[in-house]
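Here's the structure we're looking at; comments come further down.
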Amino acid sequence: MTIDLSKLQITMLDGKEIEYNFAKELAQVIFQNTQDIGEHAFSLELYKNPIVELTEENKKIIKDYTDRYFKAFVKVSINKIINNENNKE
């Protein structure tokens, strides 16, 4: 499965859903904080192309960096995507 991280659906405090461009922000955070060559390559690719194949490795990178560097409202949206994908397997 692929996801477009430039179109992440975020539920706001009032319950309204908005589309959030998460790809560039996540790519920047990974780029600035990783010491891993694979994660570095992932960040460069994500910056150019927000559509990501949800491999186990990519899911781990996305989840790890989201959990460490982003607020709960973003974590909730990412967890929905990753958990839905895990339930399909």
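A short reminder: the numbers here are calculations on the coordinates, not readings from a lab. It should be emphasised that the depicted structure is a prediction, and the values quoted were computed from it without experimental measurement. Using ideal geometry, Cβ is built from the backbone for each residue, glycine included, and neighbour counts are taken over all protein chains shown.
Please identify, among 67, 36, 14, the residue showing maximal mean-square fluctuation in a Gaussian network model of the chain using a 10 angstrom Cα cutoff.
Maximum among the listed residues: 14.
With +1 on each Lys and Arg Cβ and -1 on each Asp and Glu Cβ, and nothing else charged, work out how big the dipole of the chain is about its Cα centre, in Debye to the nearest 20. The partial results should precede the final answer.
Numbers: 12 positive and 15 negative charges, 52 e Å.
Here the chain has a charge dipole of around 260 debye.
Excluding residues fewer than 8 places away in the same chain, name every one of the lysines whose C-alpha is closer than 19 Å to that of residue 60.
Hits, sequence-local ones excluded: 24, 71, 75, 80, 88.
Can you tell which of 24, 48, 59 shows the greatest fluctuation in a Gaussian network model of the chain with Cα springs below 10 Å?
Between 24, 48, 59, it is 48 that shows the largest mean-square fluctuation.
Compute the normalised compactness of the range 2-88: alpha-carbon radius of gyration over 2.2 N^0.38 Å, N being the residue count.
On the way: Rg = 12.4 Å, N = 87, 2.2 N^0.38 = 12.0 Å.
With N residues counted in the range 2-88, Rg over 2.2 N^0.38 Å equals 1.03.
My understanding is that a pair violates if its Cα-Cα distance is over 24 Å; which of 7/59; 16/59; 16/48 do that in this structure?
16/59; 16/48
Lys/Arg Cβ at +1, Asp/Glu Cβ at -1, dipole of the chain taken about the Cα centre: which of 58, 84, 37 is farthest positive-ward?
Of 58, 84, 37, it is 84.
What's the extension gain from residue 67 to residue 80 if we count 0.36 nm per residue and subtract their Cα-Cα distance?
3.4 nm
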